[in-house]
Amino acid sequence: QVQLVENGGGLVQPGGSLRLSCAASGFAFSISGMSWYRQAPGKARELVAGISRDGSSIGYADSVKGRFTISRDNARATMYLQMNYLKPEDTAVYYCRTGWRAATGHWGQGTQVTVSS
């Protein structure tokens, strides 16, 4: 059974940083592309970043380029999202998902990120 567990969300001031993690189990993590999405209140879920199975290919939404960094540790079956220079508009529930550039995938339960002074 596929399980994705996100951690690391919280309340942070504008300009601050957070590091999200996604611990994966129940599938072959090392051969799966992975991605981070987010959903703000009243808005559609959007792709934030994706990473290929070996980390050699990475992509970001324009809104987070230069501020967020996606990475993975296949030995630990864990994916990360380092978020720097956070803005109020980054406030959302952040989800990890199996697959990148794929039509379907499994979702984690999400972790809330709130950027506010």
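The values are calculated or read from the model by the stated rules, or taken from the named source; none is laboratory data. Predicted model, so just to flag it, every value in this text is computed and none were measured. Heavy atoms of the whole protein, side chains included, go into the accessibility calculation; ligands, DNA and RNA do not. Shrake-Rupley method; radii C 1.70, N 1.55, O 1.52, S 1.80 Å.
Ignoring any ligand, DNA or RNA, what whole percent of the accessible area of the chain comes from carbon and sulfur when the probe is 1.4 angstrom? The partial results should precede the final answer.
On the way: 2870 of 6060 Å².
So the carbon and sulfur contribution to the accessible surface is 47 percent.
Give the whole-number value, in cubic angstrom per residue, of the convex hull volume spanned by the C-alpha atoms of the chain. The partial results should precede the final answer.
Details: hull volume 10.8 nm³, N = 117.
In the chain, the Cα convex hull volume per residue is 93 Å³.
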(request) Determine the relative contact order of the chain: mean sequence separation of Cα pairs under 8 Å and six or more apart, normalised by residue count, in whole percent. (result) 36 percent
(message) From the protein chains alone at 1.4 Å, what is the descending order of accessible area for 54, 62, largest first?
(response) 62, 54
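Quote to one decimal, in nm, the extra length available between residue 102 and residue 75 on full extension: 0.36 nm per residue of separation minus the C-alpha distance between them. Mind showing how you got there, number by number?
Details: separation 27, 0.36 × 27 = 9.72 nm, distance 2.32 nm.
So the chain would gain 7.4 nm between residue 102 and residue 75.
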(message) Using a probe radius of 1.4 Å on heavy atoms only, what accessible surface per residue do you get for segment 1-65? Whole Å² is fine.
(response) 53 Å²
(request) Would you mind calculating the gained length between residue 65 and residue 87 on full extension (0.36 nm times residue separation, minus the Cα-Cα distance), in nm to one decimal? (result) 6.6 nm
(message) Using a 1.4 angstrom probe on the protein heavy atoms only, could you order 114, 104, 98 from most to least accessible area?
(response) 104, 114, 98
(request) Under a 10 Å cutoff between Cα atoms, tell me which one of 28, 103, 40 has the largest fluctuation in the Gaussian network model of the chain. (result) 103
